[in-house]
1. What residue, among those in the stretch 201-219 that are assigned to a loop (DSSP other than H, G, I, E, B) and within 16 Å of the ligand (Cβ to nearest atom), is nearest to residue 119 (Cα to Cα)?
2. Do we find a residue being at pLDDT below 90 and more than 16 Å from the ligand (Cβ to nearest atom) anywhere in the stretch 9-23?
3. Which condition does residue 169 not pass, out of (1) in contact with a helix residue (DSSP H, G or I) (Cβ under 8 Å, 6 or more places away or on another chain); (2) within 14 Å of the ligand (Cβ to nearest atom); (3) part of a loop (DSSP other than H, G, I, E, B); (4) free of Cβ contacts under 8 Å to residues at least 40 places away in the same chain, if it passes all the others?
4. If we scan the stretch 120-142, do we find a residue that is in contact with a helix residue (DSSP H, G or I) (Cβ under 7 Å, 6 or more places away or on another chain), part of a strand (DSSP E or B) and more than 8 Å from the ligand (Cβ to nearest atom)?
5. Anything in the stretch 83-114 that is within 19 Å of residue 155 (Cα to Cα) and away from the ligand (no atom under 12 Å from the Cβ)? List them, or say none.
6. Have a look at 86, 61 and point out the one that is within 30 Å of residue 121 (Cα to Cα) and modelled with pLDDT under 95.
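The values are calculated or read from the model by the stated rules, or taken from the named source; none is laboratory data. Model, not experiment: these values are computed from the prediction. Cβ coordinates were reconstructed from backbone atoms using ideal geometry, including for glycine residues, and neighbour counts include every protein chain displayed.
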Ligand code: SAH
């Protein structure tokens, strides 16, 4: 029996190594990002019936109409969040849209000192907490159930903010909670299409860069 278990674990590991090799070919070049993706057991973040597809480069359903983003999306958002500078620029990071907690786990494997993640659906928030217990790292992310549009003013300012659901406009409270020198990565809906944006907050204001097309579930907010 333990043979089967080991066999399956090794199989997942092999698929994960292949996934990371594919991501490197697709333009993910930061070693920290590739090594974080190599160390998170993505199959533990999806339902059992979907585990065999966990390392395919595809989004998968999480239930409640939500999805786990495809690995490339998580990788590129993480790489954009880091930018080209040293990783220790990011001391305090906020994620909006915890979902199953996979992106949170990747941030955790970058050993960032402070990670916060907000999810509005309680069921997913609770599930993400369980999933993240399976990931060992020095930093423990703090998961919050609530409306991420509002951010976490009591923990601000953040050096990095990553939004994994698409709003129609940049949420103003989140812009305000970004530190000077900080960076926000988010998808923005424009009609029927979405684009991934990077917003840098500088002493002179904001610098906005459109990166590429994107596909996310909508950011839902009462605010
Ligand atoms: N980060 C996830 C992606 C989850 S999908 C991953 O790693 O795969 C986006 C998530 O954003 C969904 O779980 C959805 O419920 C959540 N969401 C949507 N609007 C939100 C809001 N206003 N505040 C917090 N979470 C929100």
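1. If we filter the stretch 201-219 for residues that are assigned to a loop (DSSP other than H, G, I, E, B), which is where we start, we get 203-204, 215-217, 219.
Okay, now just the ones that are also within 16 Å of the ligand (Cβ to nearest atom), so 215-217, 219.
Working: 215: 18, 216: 15, 217: 13, 219: 10 Å.
Looking at residues that are assigned to a loop (DSSP other than H, G, I, E, B) and within 16 Å of the ligand (Cβ to nearest atom), I get 219.
2. So the first thing to find is which residues in the stretch 9-23 are at pLDDT below 90, and the list is 9-10.
Narrowing further to those that are more than 16 Å from the ligand (Cβ to nearest atom): 9-10.
Among the residues of the stretch 9-23, at least one is at pLDDT below 90 and more than 16 Å from the ligand (Cβ to nearest atom), which makes the answer yes.
3. Among (1) in contact with a helix residue (DSSP H, G or I) (Cβ under 8 Å, 6 or more places away or on another chain); (2) within 14 Å of the ligand (Cβ to nearest atom); (3) part of a loop (DSSP other than H, G, I, E, B); (4) free of Cβ contacts under 8 Å to residues at least 40 places away in the same chain, residue 169 violates only (1).
4. Within the stretch 120-142, the subset in contact with a helix residue (DSSP H, G or I) (Cβ under 7 Å, 6 or more places away or on another chain) is 120, 128, 131-132, 134-135, 137, 139, 141.
When the remaining residues are screened for being part of a strand (DSSP E or B), the result is none.
No: zero hits.
5. Of the residues in the stretch 83-114, the ones within 19 Å of residue 155 (Cα to Cα) are 88-98, 104, 107-108, 111-114.
Once the filter is applied, which keeps residues that are within 19 Å of residue 155 (Cα to Cα) and away from the ligand (no atom under 12 Å from the Cβ), the stretch 83-114 yields 88, 89, 90, 91, 92, 93, 111, 112, 113, 114.
6. Numbers: 86 fails: within 30 Å of residue 121 (Cα to Cα).
Checking each option against the conditions leaves just 61.
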